[in-house]
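Here is the structure we will look at, set down as structure tokens.
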């Protein structure tokens, strides 16, 4: 059985980097759902004083293309005795990585973790076998300044977001337009009012972009839509059945909170309970939903109960709970909508 050693990418967040190997084991196990061969003997190992993730498998070329997109993948080697032979990785990165890394702001989710949750959710969905082929739509109904939306764009997917804070929507528009102009990529972007029952109900940011001039001429464009509005009141603002996956961070109750009728709330499960019935009609049959949240303010079993009560099937995966900082212990739950 061929043996491999995956060199893990460094992380700007030292706390996250210290836990990266354990998270990578769980993520690799999720990729096994779409690989043509079993993966075995998965374990962190040190070679020449450097940490790798070792595993054994009969990887095909398409399998390697899948593994190339692990959030922590930096380089892959096949072990040949005491030597390591490089295996070329072919990640989906459609644009330069600074689309993800440039934005810096308080409360921004670690980019590697965002990619991990997106991967887990796509792999749990009915669209898993199309992960490498594009033509998926990612919904983030609590999108903030667009980290998840930008990761979707990197994969060649379309993206839909919802954000209640108008300043965040405007900041995302400014960043994306500036980035596209600097990269000299063909695009359009406009922020327009949305009316419901004859009254202004929200604003909508619409961006159309292409990765190259040839793509633009061929009509191979990607679309980003962001609704500035309340994620618990989406009726009539987004068409149904738009998304193949939903990926989002619930407010951690530290830097970010949510709003309810009583004002600012530090209870993310209250938001989840009100929002899930609004999100479900936006998902296609077989779509998957991936959530991360702070376990210090919300227990996992209660989050799962809310999802199950709305007819979603909880998808099992290896433990992903990890420390972010003194006030945040983060976990992930993935669920699937019946076909």
Item to complete: From 153, 118, 139, grab the single residue that is more than 22 Å from residue 293 (Cβ to Cβ), crowded, with 22+ Cβ neighbours inside 10 Å and not assigned by TED's automatic domain parsing to the domain that holds residue 37.
Response: 153
Worksheet item: For the range 58-100, how many residues are without any contact (Cβ under 8 Å) to a residue 60 or more places away in the chain, part of a strand (DSSP E or B) and under 30 Å from residue 183 (Cβ atoms)?
Response: 1
Worksheet item: Which ranges mark the strands (runs of 3 or more DSSP E) fully within the range 176-250 that have 3 or more residues being under 30 Å from residue 336 (Cβ atoms), free of Cβ contacts under 8 Å to residues at least 24 places away in the same chain and not assigned by TED's automatic domain parsing to the domain that holds residue 125?
Response: none
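Yes or no, residue by residue, for (1) surrounded by 16 or more Cβ atoms within 10 Å (Cβ to Cβ); (2) without any contact (Cβ under 8 Å) to a residue 60 or more places away in the chain:
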| position | (1), (2) |
| --- | --- |
| 275 | yes, no |
| 282 | yes, no |
| 301 | no, yes |
| 304 | no, yes |
| 308 | no, yes |
| 326 | no, yes |
| 339 | no, no |
Item to complete: Report yes if some residue within the range 113-136 is modelled with pLDDT of 95 or more, in contact with a helix residue (DSSP H, G or I) (Cβ under 8 Å, 6 or more places away or on another chain), under 27 Å from residue 274 (Cβ atoms) and part of a strand (DSSP E or B); otherwise report no.
Response: no
Worksheet item: Tally time: how many residues in the range 34-57 are in a loop (DSSP other than H, G, I, E, B) and surrounded by 14 or more Cβ atoms within 10 Å (Cβ to Cβ)?
Response: 5
Worksheet item: Looking at residue 335, is it under 17 Å from the mean Cα position of the chain (by Cα), surrounded by 13 or more Cβ atoms within 10 Å (Cβ to Cβ) and modelled with pLDDT of 90 or more?
Response: yes
Worksheet item: Looking at residue 252, is it buried (at least 21 other Cβ atoms within 10 Å of the Cβ), touching a strand residue (DSSP E or B) at 6+ places or on another chain (Cβ under 7 Å), at pLDDT below 90 and on the phi < 0 side of the Ramachandran plot?
Response: yes
Discussion item. Checking the condition touching a strand residue (DSSP E or B) at 6+ places or on another chain (Cβ under 8 Å) and outside any loop (DSSP other than H, G, I, E, B), which residue from 159, 171 passes?
Written reply: 159
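The values are calculated or read from the model by the stated rules, or taken from the named source; none is laboratory data. Bear in mind that the values here come from a model prediction, so they are computed numbers and not experimental data. Please note: Cβ atoms are built from the backbone with ideal geometry, for glycine as well, and neighbour counts cover all protein chains shown.
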